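Each value in this text was obtained by applying a stated rule to the coordinates, not by laboratory testing. Not measured: the values here are computed from a predicted model.
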Amino acid sequence: MANAFSNPTVVVREALRHLKNNCVMGRLVHRGYQDVYAKRYEGWNQGASVTVNGPVYFRVKTARAIDTVDLKQRNITFTVNQWRQVSWTLNTEEMTMDLDKWSEDYIRPAMQAIANRIDSDLLGLYADVPNQVGTPGSTPSTFYVFAQAQARLSEEGCPEDNRALVIEAQAQAKLADSFKGLFLAPVVGKAIRKGKITESFAGFQTFMSQNVNTHTVGTWAAVGDIQKDAASSEGDTTLALKSTGAAQTANVGDIFTIAAVNSVNPISGTATGSLRQFVVDTAASMDGSGEIAALSITPGSTDSVHKIYSSAADEEWVAYQTVNTLPANNAAVTVSGTSGLVHPVSLGFHKDAFSLCMVPIVIPKSAHWSAQMTHDGYTISVIRYFDGDTISETVRFDALYGIKTINPFLAVRIAG
């Protein structure tokens, strides 16, 4: 086997192989925006953005006569702002290794670290998702909880294909114990690979990841008399709330419901019978009177689609209906979880809920020992360089990518 440092292209190809093999979320989410970035061949810098068209929604009419409405389509700004790198100073022993040995000892763990960070970043998008099943603080251990997750997605009109479930280690342990008598060992052995638990569980491809994020519930959960302050209007992006609490905080990712406000099937607009769950987009604190003047939430986000719309909205926005009725003045608000509770958040989702886009970086022309490679939506670069101050050589692997929630209603949180 050739020396590891004889050819940077061989090294980066080996790194890319390990990155793909160790990244769980990367193969479960939308990857289509690479094609937009691919039009620039010299590479990209951190913070580069492109604008793409978002999904369009329609509401079926029953009359024969045509009654057209203006088409409402949102633009999605996608930014590659996540720069991740692993680097170290090369030692004399490494410089003499063949590629197989160096790959096993160094490249593989380096790529595992980058892959884990990509998974963690994508799983961190849970904070954009308003729908949740399970009980915060209680590890899910029954089939019913995951069946509820499947049902919640179906209520939101989610396509039945390409649904994935990524759960945390304790949930996996509980499920394994609960269903240990139902699985044949050879079947289980065949199904478990790269974190995958089974091809189909409650309608999901199911994976375990140690990168599942935890959520800390805001202190406002301890306030028992939070109410809506004034009635909402069609197209609202924030909510005004009141209570007897003071200086209590609503954290990003906190979930709450409002009395008598239900979610709707986006195809028909029919109420599902489940309370519409809202998620906090921007952290806020109650003032001295216990009020929050404008809490930014989803539904209600500032993009043109996911605002608060009922069936009474203007016709061009009815297809984007999110609630059966607008929140009323004095309606009771209930926060999910208890104040300060830290709990894991597993995710069930359709691939079009979230997106990952990896792009090539700009490699300086002076970096003579360098290479970069893209395959199947994954991109990694390697650069080896000499430091004249310390008379040492350093090798670095870099990945540049962006992540974004495309449709938060195509995902559901499973509280643990």
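Data overview
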quantity	calculated
Rg and Dmax [Cα atoms of segment 293-416; Å; Rg one decimal, Dmax integer]	23.6, 71
Subset of LYS20/LYS101; LYS20/LYS72; LYS61/LYS242; LYS242/LYS404; LYS174/LYS351; LYS101/LYS174 violating a 29 Å alpha-carbon distance limit	LYS20/LYS72; LYS61/LYS242; LYS242/LYS404; LYS101/LYS174
Pairwise Cα inverse-distance average, inverted: Kirkwood Rh of segment 326-372 (Å)	17.5
Tilt relative to the chain, helix 108-123 - C-alpha long axis, 0 to 90 degrees, to 10	10
Stretchable slack from SER6 to ASP287, in nm (0.36 nm times residue separation minus alpha-carbon distance)	94.8 nm
Rounded Å value of the spacing that divides the Cα centres of segment 386-416 and segment 260-282	34
Helix 143-155 axis, angle to the chain major axis (alpha carbon atoms, nearest 10°)	70
Theoretical ellipticity at 222 nm over the chain - DSSP helices of four or more residues, -39500 (n - 2.57) apiece, nearest 500	-5000 deg cm²/dmol
DSSP-defined beta bridges in the chain - what % are antiparallel, rounded to 5	90
Theoretical gain in end-to-end length, VAL342 to THR96 [0.36 nm per residue, Cα-Cα removed]	83.8 nm
Rg/Rg_globular for segment 216-342, with Rg_globular taken as 2.2 N^0.38 Å and Rg from C-alpha atoms	1.01
Length gained when the stretch THR270-ALA113 is fully extended (0.36 nm per residue, less Cα-Cα span)	52.0 nm
Base-10 log of normalised Debye intensity for the chain (one unit scatterer per alpha-carbon) at q = 0.09, 0.11, 0.14 Å⁻¹	-0.65, -0.91, -1.25
